[in-house]
Ligand code: TYM
C-alpha cells in the first residue's frame, strides 16, 4: 500500500539539529522510498502565530526550502510547498475549528509552554494552531506523519478532529485517521546548555543548539562548550538516567551514526567527555557541514528555490482544493 506522508516545518529561522534528527532526516528517508507519496510543507501560516518581521519571514521561507533540499529531499519526487499559497488550509482550519472542542485545545501543553505566564497576551492563532495543523494533514488524506516527540499531542488532536467530523456528518472514512511516525529513540534532542530542556529555535543562547547553517568552527565551539558532568561516561544505558547531558550528547552521536544508544554507550564506556567530544565533533562536522555549505549555495539561487515552490504549489493546490470542496459540500455550503 502506498503511504501518504505529510509533515511541516515552521520557517522561523535557526533550523537546528533537533529539527534535523527528530524530523527532516526521516523526511529524506521516507521521500527516497518509491512506495511513499510525500508532501513537505513550509508552514508559514503557523509561523505568524508569533510576531515575525515580514522581510525575514520571506527569507526564512526560502531558507527552509533550501534546508529540505540540502538535507537530501528531492523536490522532483516529493512535493515541497508553502502553506499560505494554498488557501484550502485556512478554509479547512475554520471548519475544523468548529469541530474541535475548547476542552481539547486547552489541554495542549505546547500552548502553555509557548504562551508562558502571560496567556492573555498570546495570539488567538497560537491557541488554535493545532487545528490548522489538523487541516494540513487531513486535506491530503495523509496516512503517516513524521514528527518529533513534541508534536505527538497535536497529532492526537488531528485524529480526534477527523473522527468527530466523520461522526458528526455521517461520513464513514471521509477524513483519514493519520498515524504519527515518531522514532523510538532520539525523537527529542535536548539543549546543549541544559540537558533537561528541548533544543529550540527560540532559546536565546545560540550555544544551546547546532544550527543547520553553522560552519565548522561554530560546531567545534558549541560542542566544546556543551554542558557535561564531572564523571566519566557510564558502562550501561541505565546509568544515564540521571545524566541528562551525557544522554543527550550520546543520543546525538548515535542518531548521526545510525546506531543505537546502547552501542554508543559501549563504545565510550569509562572514557572522559573530552575524548568523546572530539569524536562527536568529527561526526557532526562530517554530517552537518555539507548541509550548511549546500544551504548557503542554494540561498544564492533564489530563482531555483522559487521554482520549487511554484511547482509544489501547483501540485498541492490541486489535491487540497478538491478535498476542501468536498468538505464544504458535506458541511452544506454551496
Ligand atoms: P516545528 O517547526 O517546531 O518543528 C519541525 C519538526 O522538528 C521537530 N523538532 C524536534 N525533534 C526533536 N528534538 C527537538 N529538539 C525538536 N525540535 C523540533 C518537530 O517535532 C517537528 O517535527 N506544528 C509543527 C509544524 C507543522 C506540522 C504540520 C507538522 C504544521 N503542520 C502538519 C506535521 C504535520 C511545528 O511547529 O514544528
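Read-outs throughout are calculated quantities, based only on the coordinates presented, and are distinct from any laboratory measurement. Bear in mind the structure is a predicted one, so any value in this text is a computation, not a measurement. Cβ: placed from backbone, ideal geometry, glycine included. Neighbour counts: every protein chain shown.
I'd like the distance separating the alpha-carbon centroids of region 7-30 and region 294-334, in whole Å.
Each part's Cα centre sits 19 Å from the other's.
Put a dot 7 Å past each Cα toward the Cβ at residue 205 and residue 90; how far apart are the dots in nm?
Reported label-point gap for residue 90 and residue 205 is 4.0 nm.
Scale the Cα Rg of region 34-103 by the rule-of-thumb value 2.2 N^0.38 Å and send over the ratio, two decimals.
That works out to 1.33 for region 34-103.
In the chain, what percentage of the DSSP-assigned beta bridges are antiparallel, given to the nearest 5?
10 percent
From largest to smallest, what semi-axes in whole angstrom does region 1-142 give when each is the square root of 5 times an eigenvalue of its alpha carbon gyration tensor?
Numbers: eigenvalues 135, 70, 39 Å².
Equivalent-ellipsoid dimensions as semi-axes: 26, 19, 14 Å.
Subtract the Cα-Cα distance of residue 110 and residue 301 from 0.36 nm times their separation in residues, and report this length gain in nm to one decimal.
Contour length minus the Cα-Cα distance gives 65.2 nm.
I need the fraction of alpha carbon pairs in the chain separated by more than 37 Å, rounded to a whole percent.
Tail of P(r) above 37 Å: 19 percent of Cα pairs.
Using the alpha-carbon atoms, what tilt in degrees (0 to 90, nearest 10) does helix 88-97 show relative to the longest principal axis of the chain?
Between the helix axis and the principal axis of the chain, the angle is about 80 degrees.
Taking the inverse of the average 1/r across all pairs of different Cα atoms in region 187-234, what Kirkwood radius in Å do you get? Could you put the intermediate results ahead of the total?
Working: mean 1/r = 0.0870 Å⁻¹.
Kirkwood radius, region 187-234: 11.5 Å.
Please check: in the Gaussian network model of the chain (C-alpha springs, under 10 Å), which one of 119, 164, 77 has the largest mean-square fluctuation.
119
Could you list, bin by bin from short to long, the percent of Cα-Cα pairs of region 147-262 in 5 Å steps?
Using 5 Å bins, I get a P(r) of 2, 10, 15, 17, 15, 11, 8, 7, 6, 5, 2, 1, 0 for region 147-262.
Given a 10 angstrom Cα cut-off, can you work out which residue in 279, 204, 42 is the most mobile in a GNM of the chain?
204
Would you list the P(r) distribution for region 237-284, with all Cα-Cα distances sorted into 10 Å bins from 0 and each bin expressed as a whole %?
Reading upward from the zero bin: 27, 66, 8.
Note down the Stokes-Einstein diffusion coefficient of region 163-218 in µm²/s, whole number, using a Kirkwood radius over alpha carbon pairs, 10 °C, and 1.306 mPa s.
In µm²/s, the coefficient rounds to 106.
Restricted to Cα positions, what overall size does region 263-317 have along the principal axes? Three whole-Å values, descending.
So the extents along the principal axes, rounded to whole Å, are 55, 25, 11.
Once the Cα atoms of helix 244-257 and of the chain are each reduced to a long axis, what angle between those two axes, in degrees from 0 to 90 to the nearest 10, is obtained?
So the helix axis and the longest Cα principal axis differ by about 80 degrees.
Return the tail of the calculated pair distribution for region 195-328, meaning the percent of Cα-Cα pairs more than 24 Å apart.
Of all Cα-Cα distances in region 195-328, 47 percent exceed 24 Å.
If you take all C-alpha pairs in region 132-171, what percent of them are over 16 Å apart?
When all Cα pairs of region 132-171 are counted, 32 percent exceed 16 Å.
Would you please state the base-10 log of I(q)/I(0) at q = 0.11, 0.19, 0.25, 0.26 1/Å for region 93-180, with intensities from the Debye formula using one equal scatterer on every alpha carbon?
Taking Cα atoms of region 93-180 as identical point scatterers yields -0.30, -0.83, -1.30, -1.37.
Relative to the longest principal Cα axis of the chain, at what angle does helix 273-299 sit, 0 to 90 degrees, rounded to 10?
The helix 273-299 is inclined about 40 degrees to the chain.
Taking 0.36 nm per residue of sequence separation and subtracting the Cα-Cα distance, how much length would be gained by fully extending the chain between residue 53 and residue 231, in nm to one decimal?
Length gained between residue 53 and residue 231: 59.6 nm.
Ignoring everything except DSSP H segments at least 4 long, calculate the 222 nm mean residue ellipticity for the chain; use -39,500 (n - 2.57) per segment, divide by total residues, nearest 500.
That comes out to -16500 deg cm²/dmol.
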